[in-house]
Every structure is written in structure tokens, then in C-alpha cells.
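Reading through the C-alpha cells given below for one structure.
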Amino acid sequence: MSQQKLEPDAPRHSKRVRVTDDPCIVTMQEMMRGKEGLLSLAQGVVHWQPPPEALDCLNDPAIMHTINSYGDDDGLPELRAALKDKLRVENGIEEVEVMVTTGANQAYVNLVLALIDAGDGAVLFEPYYFNHMMALQMTGSANSVIRGTTTVDMLPDMDWLAKELSAPNGQRVRMVTLVNPGNPTGTMIPKAMLEAASTLCAKHGVWLVIDNTYEYFTYEHEGWAAHSCVAGEHVVNIFSFSKAFGMMGWRVGYLAFPKTLKASLLKVQDTIPICPCIASQRVAFAALKLGGRTWVKQLVAALGEQKQLVRDAVADTLGPACLVGGSGAIYLMVKLPEAYQDDVAVVRWLADKHKICVIPGSACGVRGSLRLSYANSPIGRCKEAAARLRAGLAEIALGTASLA
């Protein structure tokens with residue numbers, strides 16, 4: 001009897017990556033690739049470039065001489081010193097260490113690896129920022145993410161958090177994540193709510209991580225609250241240069257953390273990037289020194305027209321009750337009618353028929369909704385994008401949109 005040759009099994013991918021959600025931004029990029037005439041209200045980017053004078057710093061031979069070698073793991077000393085000054089003056093945060101990272105997403109991954117073990121309970125409030133969920137999933141905590149509830153205004157529910165942290169037989173929570181102002185919700189968390197979350201986490205020995213990527217995207221001139229921070233030995237704050245300074249592709253974020261965490265975070269940092277990109281840090285340092293908050297706030301104030309165009313496109317078709325957000329960040333959330341709860345199908349239909357791209361709320365844990373970003377186009381292009389969105393939502397409101 002002849003022996004049948006057995007082929008070896010193909011190598012498999014890791015379970016932790018297989019259970020990680022697909023990146024919705026990549027899906028959107030693939031949807032747009034090769035299609036002409038599409039406009040986007042999808043990816044959370046801004047339409048402006050970094051300050052020209054900041055980019056000019058790379059023309060300095062003395063600076064160019066420094067960018068080809070490794071730097072300090074936690075970032076250029078002069079940038080970290082400037083960030084500590086900024087944290088003290090603008091955020092009221094003192095007596096912390098600073099680590100520069102390759103964007104805010106890498107900062108969050110650093111924290112997940114340094115603060116919790118695979119399987120530890122971690123709270124994300126729905127709707128959550130999709131990359132936070134992915135970071136927890138791919139580090140082994142896919143089955144231990146605790147999805148927190150939000151209020152009707154999509155603010156974190158502090159009553160729910162108090163009960164969850166106090167539950168005698170519940171899963172042990174090790175970390176709570178907040179995003180302020182919210183991505184994807186576009187809502188500003190009041191200072192009193194931040195303080196309540198901090199008090200609860202301190203009482204129960206839980207890390208509180210706050211992502212402040214959109215700290216400068218506030219609309220006080222429209223009557224909304226300013227951005228606030230809290231700090232403490234159990235609190236870590238994340239910040240970013242990406243959106244504020246139009247430095248998305250330069251990848252610069254940073255952490256403000258208790259000094260006791262430094263050794264642990266350096267282990268993670270040295271394993272992943274070794275050090276942040278030196279050229280990017282030079283541009284970030286120059287942007288901070290050449291205008292900083294004042295430069296950014298002028299551009300943010302001018303986003304009001306874009307925001308109103310997109311708001312009106314939703315309110316005039318689906319009704320104002322379907323809208324959430326607008327008090328912070330660059331996002332609006334839209335609740336879809338009952339007949340159109342398959343938000344992924346809605347997104348594909350909008351792209352195919354109306355040539356407008358948006359993000360499905362299911363990517364953020366809330367099916368039957370859309371996330372809209374109003375900062376990624378100058379006003380002329382945003383007018384056209386809003387008009388296309390209006391046309392699509394009008395069909396959905398009438399019930400005539402065929403998603404098949």
C-alpha cells in the first residue's frame with residue numbers, strides 16, 4: 001500500500017490578531033482606491049499643513065546633522081522640557097514625566113502593555129475610538145474589554161462606572177479609558193465628570209487613561225466648555241501633535257505620566273520604536289515654539305462653517321434629534337432610522353451612489369450610526385461633500401434608498 005504524502009499545515013496567524021477588528025480607516029481607503037470623484041467626511045484629519053516656519057527648521061544644517069542617528073528613547077530633551085512647560089501652563093499638570101511617542105496610537109499601545117496584563121478588565125465607553133479597542137484586542141484582552149454605557153448625550157455614564165468598579169462579583173477592572181473631547185462622539189467631557197472618574201479610579205486602585213488628542217478643538221466662542229485635564233498618581237494623559245498642527249504623517253504624540261511608570265514605559269518604548277523620529281520631533285518642537293496653541297486655535301475657530309454645513313445636512317434630512325456632538329473635536333455622530341441599521345451597507349451605498357465616504361458607527365461599537373468628520377476639507381470642498389451627504393440622507397429619510 002502506497003503511503004500518502006501528508007502536507008504540513010500552513011503556518012497560522014496569531015489568535016490575538018485574528019480576533020482584532022479590521023481597521024475601518026484601511027477599509028475606507030480601499031473603498032476609495034481607484035474610484036474617481038469621491039469626497040470624504042471619513043478620516044479624522046485636518047485640511048491644514050504644519051506651520052511653514054516649523055518645516056523650515058529642517059533646512060538648518062545643524063539640525064539636519066542630528067536626524068540620522070538614534071535619540072533618547074523618551075524623546076529629545078528640549079522637546080520634553082518644552083512639553084512639561086506646556087503641560088504646566090495650559091493643562092495644569094505638574095510633577096509628571098513626559099515620553100514622546102510615534103503618534104498617540106503608539107502612546108496608547110505603550111500604556112496597554114505597561115499597565116495591564118492580557119485578560120485584565122479594561123473599560124471603553126461606547127461609542128469608543130476603534131484603535132483603542134484594537135490595541136486591547138491584539139494584546140490579549142479581547143474577551144475582557146468591558147463596554148461602558150453613555151448618557152443620551154454620549155458622555156461616559158459615571159453611575160454605571162461607580163457600580164461596575166464596586167461590583168463584588170464583577171470582573172476586576174484594571175484600566176478605564178476616556179477620550180476628551182470625544183472620538184467619535186465630538187462631545188466635551190465636563191471637568192466635574194473627569195474629576196468624578198478620577199476619584200472613582202483612585203478609590204478602587206484603577207488606572208485612568210485620558211486621550212486628549214483633540215484638546216485644542218474646543219468651541220468656547222459657540223458657548224461650549226473649554227477643555228480640562230485631571231492628574232494624579234493613577235492618571236496618565238495622552239496628547240498629540242497630529243491633528244492640531246496638521247502633522248498627521250509626521251507621527252508625534254506624547255504621554256504625561258507619574259514618575260513611577262517611567263522604567264516600565266521605557267521597556268516598551270525601547271522595544272517598539274527605540275526612539276521617536278528625530279526629524280518629526282524637530283518639527284514638533286519648532287511648531288510648539290513658533291505659535292503653539294494660538295496658531296492652532298485660529299484655525300479651529302474657522303471650522304465653524306464646515307461644522308454647520310455638515311450639521312445642517314443631517315438636521316434638515318433626518319432631524320436634529322439624530323445628531324450628537326459638536327462641542328469638541330472634529331466629529332458628529334448620526335443615528336440612522338430603524339430601517340437602515342446596517343450602517344456598513346449605508347456607508348457603501350453613500351460611497352457608490354453619492355460619492356461621499358463616512359465611517360460606520362459599528363466600527364466604534366454602536367451599530368446603526370455614522371461618524372462624520374468635518375475638518376478634513378477646505379470650505380469649498382466641504383460644501384460639495386455636505387451637499388452629497390444631504391442628498392444621500394434625504395433618500396434615507398424618505399425610505400427610498402435601496403442598499404441591495
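The values are calculated or read from the model by the stated rules, or taken from the named source; none is laboratory data. Please read all numbers here as calculations on a predicted model, not as lab measurements. Reconstructed Cβ throughout: ideal geometry from the backbone, glycine too, with neighbour counts over all protein chains shown. These area figures cover heavy atoms from the full protein model, side chains too; ligands, DNA and RNA do not enter into them. Shrake-Rupley method; radii C 1.70, N 1.55, O 1.52, S 1.80 Å.
Note on region 101-181: semi-axes of the ellipsoid equivalent to its C-alpha gyration tensor, largest first and rounded to whole Å, are 21, 17, 10. Normalised Debye scattering of region 273-322 at q = 0.29 Å⁻¹ gives log10 I(q)/I(0) of -0.99, counting only Cα atoms as equal scatterers and leaving out solvent. For Ala302, put the label point 7 Å out on the Cα→Cβ axis and report which residues of region 31-75 keep their amide N under 19 Å from it. Hits in region 31-75 for Ala302 at 19 Å: 45-56.
Return one whole number: the accessible area per residue of the chain in Å², for a 1.4 Å probe.
In whole numbers, the chain has 45 Å² accessible per residue.
How large is the translational diffusion coefficient of the chain in µm² per second when you combine the Kirkwood radius over alpha carbon pairs with Stokes-Einstein at 37 °C and 0.692 mPa s? The diffusion coefficient I find is 147 µm²/s. What does the C-alpha gyration tensor say about the overall shape of region 194-300? Classify as rounded when a/c is under 1.5, otherwise prolate if a/b is larger than b/c, or oblate. Oblate, because a/c is 1.5 or more while a/b does not exceed b/c. Calculated on C-alpha atoms, the gyration radius of region 83-237 divided by its Kirkwood radius gives an Rg/Rh of 0.94.
In this simple spin-label approximation, Val89 and Ala10 carry label points 7 Å from Cα along the Cα→Cβ vector, and these lie 5.7 nm apart. Roughly speaking, to the nearest percent, how much of the chain's 1.4 Å accessible area is carbon and sulfur? Answer for the chain: carbon and sulfur cover 52 percent of the accessible area. In terms of the mean number of neighbouring beta-carbon atoms within 10 Å, the peptides 259-269, 228-238, 64-74, 10-20 order highest first as 228-238, 259-269, 64-74, 10-20.
Solvent-free Debye calculation, one equal scatterer per alpha-carbon of region 228-350: log10 I(q)/I(0) at 0.09, 0.13, 0.21 Å⁻¹ equals -0.45, -0.82, -1.19.
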